[in-house]
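Student: What follows is a single structure, and I will ask about it in a moment.
The values are calculated or read from the model by the stated rules, or taken from the named source; none is laboratory data. What you see is a predicted model, and the numbers here were worked out from it, not measured in a lab. Here the Cβ is made from the backbone with ideal geometry for all residues, glycine too, and neighbour counts use every protein chain on show. Just so you know, the surface numbers come from the protein's heavy atoms only, side chains and all, with ligands and any DNA or RNA stripped out. Shrake-Rupley method; radii C 1.70, N 1.55, O 1.52, S 1.80 Å.
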Amino acid sequence: MTDSPTPGQCDCGAIAGPLGMCVDYYHGILAEEQADPQMYRWHAPVVCAYLLQHPSMAHEKYLDGQFRQLQLLVDKGLDALLRVAAHQVARNKHGAQPSYDMAPFAAYAPLPPGGSPGHFRASFCELPFRDGSFVSDGHLAYGRRIEIIAEATVESWRSLQS
């Protein structure tokens, strides 16, 4: 994937922020969203963007689906992504063979081969953390920051297709 980062630099190319490396921000978000349903709406984009920016932490077989999910988010927004997720859950509850229905993602480009882009214009290390929270200035602002990270992730991976 990418070369080992230099000290103080994350493997996605970001410089450590006040909380540390991207993984520290990621774990902080995951912990905080457990008690905040509005923040939890952004769980899937957070996970997908983090793993696509840090593919060494991911299972390679899922990266294509995660890339397509972020493309859907960028194209149609969070509500559309949440509807697809609800469809997946309902489909598996009603006796269908447990599997992931990729039909909603067919219009989106597959993950480019050849490894991670290694640099993203927006990363987790840049997220503001004030008053012990990632949403201290509101859920809309937090959601917009996650959208920007998702957009930057898709943009960098698409650059490999050129």
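Student: When the residues of segment 56-81 are filtered to those that are farther than 18 Å from E151 by Cβ and part of a helix (DSSP H, G or I), which remaining residue is least open to solvent (accessible area, probe 1.4 Å)?
Tutor: This residue is G65.
Student: I need a count of the residues in segment 82-101 that are part of a loop (DSSP other than H, G, I, E, B) and either without any contact (Cβ under 8 Å) to a residue 12 or more places away in the chain or open to solvent by 70 Å² or more (accessible area, probe 1.4 Å) (or both).
Tutor: Qualifying residue count for the region: 7.
Student: List the number of the failed condition for T2; all other conditions in (1) part of a helix (DSSP H, G or I); (2) modelled with pLDDT under 90; (3) open to solvent by 30 Å² or more (accessible area, probe 1.4 Å) hold.
Tutor: (1)
Student: Considering only segment 106-154, how many residues are among the polar types (S, T, N, Q), open to solvent by less than 50 Å² (accessible area, probe 1.4 Å) and under 15 Å from Q38 (Cβ atoms)?
Tutor: Here the count works out to 1.
Student: Among the residues of segment 107-122, how many are out of contact with any Ser or Thr (no Cβ under 9 Å at 6 or more places or on another chain) and closer than 21 Å to E60 by Cβ?
Tutor: Number satisfying all stated conditions: 6.
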